[in-house]
1. For chain B, go through all pairs of different Cα atoms, get the mean of 1/r, take its inverse, and jot down that Kirkwood value in Å.
2. Can you list the residues of the stretch B:139-187 whose accessible area drops by at least 40 Å² going from the chain on its own to the full set of protein chains, with a 1.4 Å probe?
3. How many percent of the accessible area of the stretch B:22-242 is carbon or sulfur, using a 1.4 Å probe?
4. So for B:T69, B:T112, what's the accessible-area order with a 1.4 Å probe, most first?
5. Ignoring ligands, DNA and RNA, what accessible area per residue does the stretch A:62-206 give at 1.4 Å, in Å²?
6. Using only protein heavy atoms and a 1.4 angstrom probe, determine the accessible area buried between B and A, summed over both sides, in Å² to the nearest 100.
7. Only loop residues by DSSP count here, and only those with at most 11 other Cβ atoms within 10 Å; note down the trypsin sites (Lys or Arg not before Pro) in the stretch B:43-151 that meet that.
8. I'd like the residues of the stretch A:109-125 whose 1.4 Å-probe accessible area shrinks by no less than 10 Å² going from the isolated chain to the full set of protein chains.
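The values are calculated or read from the model by the stated rules, or taken from the named source; none is laboratory data. In this text the structure is predicted, and so the values were computed from the model without any measurement. So basically every Cβ, Gly included, is an ideal-geometry build from the backbone, and we count neighbours across all protein chains shown. To get the accessible areas, we keep the full protein, side chains included, count just its heavy atoms, and leave off ligands, DNA and RNA. Shrake-Rupley method; radii C 1.70, N 1.55, O 1.52, S 1.80 Å.
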Amino acid sequence: MAEKPITDEKRVFMTGNEAVAWAALAAEAEIMYGYPITPQNEIMHYWTRLAPKYKRKFLQTEDEISAGFTTCGGVLAGKRAFTATAGPGNVLMQEAMSMAEMMRIPTVVVVQQRGGPSTATVIYSQQETTLTCFGGNGEGLRLVYSTSSHQELFDYTIKAFYMAWKYRFPTFVLGDGYQAKMRESLYLYNPIEKGMPLAESYPFLGQEGRPGVEREPSHLRNTYNTEEELYQIISGYVEDYERMIPEVVEYQVSDLEDAEIVVIAHGIVSRAAREAVKVLRQEGRKVGYFRPITLRPFPTGKLREIAPKAKKLVVAESAQGQLFKLVQEALYGETVPLEPYFKPGLGITGEELVEFLQSNFGQ
Amino acid sequence: MATVPKMPKSWRVETKPHKFCPGCGHGLVLKALGEAIDELDIQDRVVFGCDIGCSLLAWDFFNVDIVQTHHGRTTPVMVGVKRARPDRICIAYMGDGGGYAIGAQHLVNAATRNEKITAILVNNCNYGMTGGQMAPTTLPEMKTETTPYGRDVEETGYPTQGPEMVAAITREGAYTARGTVAKVRQLKNYLKKALQNQLEGKGFSFVEALSGCPTNWSTNAKATWAFLEENMTKYFKVGEVKVPVKEEE
Ligand SMILES: Cc1ncc(C[n+]2csc(CCOP(=O)(O)OP(=O)(O)O)c2C)c(N)n1
Ligand code: SF4
Ligand SMILES: [Mg+2]
């Protein structure tokens, strides 16, 4: 491989899309496949500028169906391959991700959410939560990291490659248009120098040796003949998935000790939530904070531990209840009331959450 | 005193000035189309579909019924309308990315089935709406946001020859041509013939229009026209590619 893209840790000020391109380089991603769509375009723009310098590759495909399947092909060939998309592109991407799920192909997809449904806006939303977690005609056997800052975009993009290849579930980094387009400072580093393991990639197809003579041929399929056969396969996957949960599940909490109201948010909205909690704590309000980082698998255990101690949970999101459903499902049987704060396709500020939470305390 | 240029009757005055960038070719294509609609007197029968791409900005452009569809999907939406209402004149308006990349399968299959619609494709050598990435029509060596070192034909192939491809896969009755905004009257005539072909129920009709994108080409007026008339027409030949055989009288 050519020279290392990042040697010493350095502080930079850049857009989230640029941070993703650097992260993919740092994670030694070998090829990107992609199709233009706002707000992820600049991931490709930076990648196409940087990739040749570090002997990495790029293919602009004819659409996202193709970007998804070429990514599957790259991974099957044994490369750390990835793609990035958003909105209607994410919709098209799901066909390939459904195959990845069925065939346990460790694809990495970066999603920068925009408004939906349809073309809607190119700006921002959290409306691709359900799609990214459960898209396709399957069970949502995926890993989904919801980032909230540029540093996290960098960290989790690197991590996504490792986790995808370790567990062989399609892995998603779920950002949004704000994170994609804003500039923020962060540290770039070389994960190897930090002692972080790199994804160990290997070919599923095209291995050395004559098939049937020197090695078993690779015969990979996604079609099964009987209900029982399929049931057995999926049950095995579900077992693997459930075994993985305690090893991968991530969340962030603060101020929970005596919290009467806990605000739950993911992605960039969690920053507004954390800020609101800080302000309200200074006013003496007993308010706490919970943020799932992995949306799939969801940190159900931790949430069920917190919930009974609170008087109310407020769920804030830039969607009409997509996180709310995950929370509801996790808390089935609990009696703590859930209070929605839904702004589909609209950003949420700390100030408005302060106000909303105050009203929930009844002034 | 400034004189207001004459607008086609079918244009919607309330939505002018239009929303394209100054110097954009889309406005000229739609001017030629407006005149063709006027001359054929079909305004009350036209259903216009626009793609996602800069063509989406035409969603309220004419005093005709218009639907904005998805990127690449305008052809099948118009096919759907036409099959349900054969008395309507259905126009699918799209960019080169919409028609030759993401929507290529629809273009190919609509052409193969000889669907009685008119597809108009604006070739501006790039993805305008998303900020200037490579399109299937990007010229060899041309720099775009995703070919920052120039389009390498070894890596990405040669620019799509749309009308030639459509002509090759359609049967008798289809009409295909390539016009340019540098020759608006000729373009209008092609569009008129394409619409006439639909009116007569002969077959699929397809017109590609060479068009400028000064914003993403980063060109001034002079350089825009030079690129259009020299670089583009060298590769993309302007003219009719396939014309239905005249029936014996
Ligand atoms: C499924 C999907 N993928 C990607 C996009 C993003 N997108 C919007 S417009 C466009 C390209 C437009 O280029 P073109 O069709 O050539 O039209 P132009 O703007 O150049 O007229 C793209 C890729 C989208 N809206 N939907
Ligand atoms: S970006 Fe290009 S194609 Fe789009 S409106 Fe502007 S000049 Fe026209
Ligand atoms: Mg174009």
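1. Details: mean 1/r = 0.0558 Å⁻¹.
Result for chain B stands at 17.9 Å.
2. When all protein chains are present, B:E145, B:T146, B:P148, B:Y149 each give up 40 Å² or more of accessible surface.
3. Working: 4320 of 8400 Å².
Roughly 51 percent, rounded to a whole number.
4. Details: B:T69 10, B:T112 80 Å².
Highest to lowest solvent-accessible surface, that is B:T112, B:T69.
5. Details: 4340 Å² over 145 residues.
Accessible surface, normalised per residue, equals 30 Å².
6. Numbers: alone 11840 and 15750 Å², together 26130 Å².
Summing both sides, the interface buries roughly 1500 Å².
7. Details: sites: B:R45, B:R73, B:K82, B:R83, B:R88, B:R113, B:K116, B:K143, B:R151; in loops: B:R73, B:R88, B:R113, B:K116, B:K143, B:R151.
In loop regions of the stretch B:43-151 (DSSP not H, G, I, E or B), there are no sparsely surrounded trypsin sites (Lys or Arg not before Pro).
8. A:S118, A:T119
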